[in-house]
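Since the structure comes first, as structure tokens, the remarks are kept for the end.
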Amino acid sequence: MKACCQSWAKSATLFLRVPLGLFFLLAGLAKAGDPLGFVELVRSFSILPESLATIYGYLIPYLEIVVGAAVILGLFTRWAALLMSLMLLSFIIAVGVNPDAGPFNKDVILLGGSLALWLKGSHFWSVDGKRLSA
């Protein structure tokens, strides 16, 4: 493979990592701004027992912030992407896939990106890459 193609392939995870991490970071900050509102939303789905729904509702915004920041920085990328994938699966289970929303479901697309990061990891412009090269 030519050097330019290898460089592009290595940098592809950066182009996936940054927007995916920003999405989670900003979503978590928005939910953390109104924690009671998000807890009530989680309870309204009536999927989890109320005590678990409360814990989940309080935990998810802060987990989204931490995971989003970790993915942006490339810090423990594979673990962060795995947590991201599990959160996205829970969102898909809770909300479902709405065919009226158009041909693309945001959570399914984000799940694909997070699974790719989980499988590949990220070493280009990342803390993981610095740790492994040292």
- Message: Just checking: which of the helices (runs of 4 or more DSSP H) contained wholly in the stretch 38-134 hold 1 or more residues that are over 25 Å from PHE15 (Cα atoms)?
- Response: 50-73, 77-95
- Conditions: (1) touching a helix residue (DSSP H, G or I) at 6+ places or on another chain (Cβ under 8 Å); (2) open to solvent by less than 80 Å² (accessible area, probe 1.4 Å). PRO49 meets all but one. Number of the miss? (1)
- Confirm whether GLY68 is touching an Asp or Glu at 6+ places or on another chain (Cβ under 8 Å), of a type outside the set (Asp, Glu) and crowded, with 19+ Cβ neighbours inside 10 Å. no
- Which condition number does LEU86 fail, the rest of (1) surrounded by fewer than 13 Cβ atoms within 10 Å (Cβ to Cβ); (2) at pLDDT 95 or above being met? (1)
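If you check LEU22, LEU59, which single one turns out to be out of contact with any Lys or Arg (no Cβ under 7 Å at 6 or more places or on another chain), open to solvent by 80 Å² or more (accessible area, probe 1.4 Å), among the aliphatic types (A, V, I, L, M) and at pLDDT 95 or above?
On the way: LEU22 fails: open to solvent by 80 Å² or more (accessible area, probe 1.4 Å).
So the residue among LEU22, LEU59 that is out of contact with any Lys or Arg (no Cβ under 7 Å at 6 or more places or on another chain), open to solvent by 80 Å² or more (accessible area, probe 1.4 Å), among the aliphatic types (A, V, I, L, M) and at pLDDT 95 or above is LEU59.
The values are calculated or read from the model by the stated rules, or taken from the named source; none is laboratory data. Since we're looking at a predicted model, the values are computed, not measured. We place every Cβ from the backbone using ideal geometry, glycine too, and count neighbours over all the protein chains shown. With ligands, DNA and RNA removed, areas are computed over all heavy atoms of the protein, side chains included. Shrake-Rupley method; radii C 1.70, N 1.55, O 1.52, S 1.80 Å.
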